[in-house]
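**Q** Dropping the structure in here first, questions after.
Just so you know, all these numbers are worked out from the coordinates, no wet-lab data involved. Worth saying up front: this structure is predicted, and the values here are computed from it rather than measured.
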Amino acid sequence: MSDEIQCVVLNRPAEPMASAPWPGELGQRILREVSKEGWQQWLSRQTMLINEQRLSPINPEHRAYLEAQMTAFLFGDGGDEPEGWVAPEDG
């Protein structure tokens, strides 16, 4: 595996993950296109969504929602943000 990948989350080269964090073809795409740091950003967003929306990872509907949000966060428009959430300022 190469030393860096072009991360779609960070929009810059970054350290790749050692293995796919998700099963199947989506997991392979994440491995190819999302860095360790980009994945950590998703995990933080996922935790926020679970806590703010009181989701249960064992509920199939909640899991489907979280997978859709993961795909949107990593490869799409960024996904949902909890009501009233304000993004931190860069700097």
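**Q** If the elastic network links every pair of Cα atoms under 10 Å, which of Glu67, Glu81, Glu25 fluctuates the most in the Gaussian network model of the chain?
**A** Glu25
**Q** Residue-wise, which Karplus ³J(HN,Hα) couplings in Hz belong to region 69-78, taking 6.51 cos²θ - 1.76 cosθ + 1.60, θ = phi - 60°, and x for glycine or proline?
**A** For region 69-78, the Karplus-derived couplings read 5, 4, 4, 5, 5, 7, 10, x, 8, x Hz, x marking Gly and Pro.
**Q** How much length would be gained if the chain were fully extended between Arg32 and Arg63, taking 0.36 nm per residue of separation minus their Cα-Cα distance, in nm to one decimal? It would help to have the intermediate numbers written out before the result.
**A** Details: separation 31, 0.36 × 31 = 11.16 nm, distance 2.29 nm.
Net length gain for the segment: 8.9 nm.
**Q** Sticking with this one: Gaussian network model of the chain, Cα springs within a sub-10 Å range: biggest mean-square fluctuation belongs to which of Ile50, Ile30, Ile58?
**A** Of Ile50, Ile30, Ile58, the most mobile in the Gaussian network model is Ile58.
**Q** Then there is this: Under the rule of at least 5 residues apart or a separate chain, name every residue whose amide H is placed under 5 Å from the amide H of Cys7.
**A** Arg12, Ala14
**Q** Answer with a single label: of [x] 25, 20, 10; [y] 23, 17, 10; [z] 51, 15, 10, which was calculated as semi-axes √(5λ) of the Cα gyration tensor in Å from the structure in view?
**A** [y]
**Q** Using θ = phi - 60° and the Karplus relation 6.51 cos²θ - 1.76 cosθ + 1.60, list the HN-Hα couplings for region 29-35 in order, rounded to whole Hz, with x at every Gly or Pro.
**A** Karplus values, whole Hz, x for Gly and Pro: 5, 4, 4, 6, 10, 10, 7.
**Q** Convert each backbone phi in region 45-54 into a coupling constant with the Karplus relation 6.51 cos²θ - 1.76 cosθ + 1.60 (shift: θ = phi - 60°), then list the ³J(HN,Hα) values in order as whole Hz, x for Gly and Pro.
**A** After applying 6.51 cos²θ - 1.76 cosθ + 1.60, I find 5, 4, 4, 4, 4, 4, 5, 5, 9, 6 Hz.
**Q** Under a 5 Å amide H to amide H cut-off, with H placed in plane at 1.01 Å, what residues pair with Met17 once short-range neighbours are removed?
**A** Lys36
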